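Undergrad: Input: one structure, supplied below.
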Amino acid sequence: MKKIVRSLGSASSRIARSLRVVGLAALLIAAAPLKVHAPMISEASTIVPGDAPISIVFVNPHPHSIPADAAALAVGVNTERAKHGLPALRRDATLDQVAYAKAVDMAARGYFGHTDPNGVTFQDRLAARHLNVYASENIAFDSSEASAQTAFVHSPEHYSGEIDPRVQKIGVAVITVGRGQTFYVEDFSGN
């Protein structure tokens, strides 16, 4: 897997250490994506130790959206689906909003994880929007859209979300705080 931490040149060693920790944490979280089935949505949320969010210190904490990268990420997912003879996923405005809200929240509050610092889970976010459907989510903290898509493809759990024959729709968001510090969110649903 591609090395996540780049040389920071003149950046302080504290920031460099923080980014190394974030890179390692991103790899660990990438290995355990969250899949939610409709019956789980109505159950009480529980935070498992592996779902704890990871704090991130940004070099430039001013998040902004990159719609072209979000579109490219969706195209990448559909390219992978086509390789397996699966139909393309339709972009869904509601799922785009869920993905966007998640990416902005992680960027604005400086954490990375399916569960936010207040304990709000993916299931909670879906239930708040009355989305009681089969759903899953992939998240990445990476330097480019191509690198994030490559990481998803090389992670069996993330890849299974992308090529899941039960999903029909996708919502995507890409939010950056600059200097290769970018959040990628893919949300999938069955209908």
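Undergrad: Condition test on Phe188, is it part of a helix (DSSP H, G or I), closer than 16 Å to Glu80 by Cβ and in contact (Cβ under 8 Å) with a residue 24 or more places away in the chain?
TA: no
Undergrad: If you don't mind, there's one more thing I want to ask. For segment 105-161, give me each residue that is free of Cβ contacts under 8 Å to residues at least 40 places away in the same chain and farther than 18 Å from Ala173 by Cβ.
TA: Asn118, His130, Pro156, Ser160
Undergrad: What residue, among those in segment 132-164 that are of a type in the set (S, T, N, Q) and within 21 Å of Ile66 (Cβ to Cβ), is nearest to the chain's Cα centre (by Cα)?
TA: Narrowing segment 132-164 to residues of a type in the set (S, T, N, Q): 132, 136, 138, 143-144, 147, 149-150, 155, 160.
After this cut, where a residue has to be within 21 Å of Ile66 (Cβ to Cβ) as well, the list is 138, 143-144, 147, 149-150.
Numbers: Asn138: 4, Ser143: 13, Ser144: 13, Ser147: 13, Gln149: 11, Thr150: 13 Å.
Step by step, filter segment 132-164, then rank; the result is Asn138.
Undergrad: Additional query: How many residues does segment 122-164 hold that are buried (at least 22 other Cβ atoms within 10 Å of the Cβ) and not in a helix (DSSP H, G or I)?
TA: The number of residues fulfilling the criteria is 8.
Undergrad: Please state which one of Val172, Val167 is over 10 Å from the mean Cα position of the chain (by Cα), buried (at least 22 other Cβ atoms within 10 Å of the Cβ) and outside any helix (DSSP H, G or I).
TA: That would be Val167, the only listed residue that is over 10 Å from the mean Cα position of the chain (by Cα), buried (at least 22 other Cβ atoms within 10 Å of the Cβ) and outside any helix (DSSP H, G or I).
Undergrad: For segment 155-180, which residues satisfy the criterion of being out of contact with any helix residue (DSSP H, G or I) (no Cβ under 8 Å at 6 or more places or on another chain) and more than 24 Å from Tyr134 (Cβ to Cβ)?
TA: Within segment 155-180, Gly178, Arg179, Gly180 qualify.
Every number here is computed from the coordinates shown, using simple stated rules; none is lab data. Predicted model only: the values in this text are computed from it and were never measured. Counting neighbours? That spans all protein chains shown, and the Cβs are built from the backbone with ideal geometry, glycine included.
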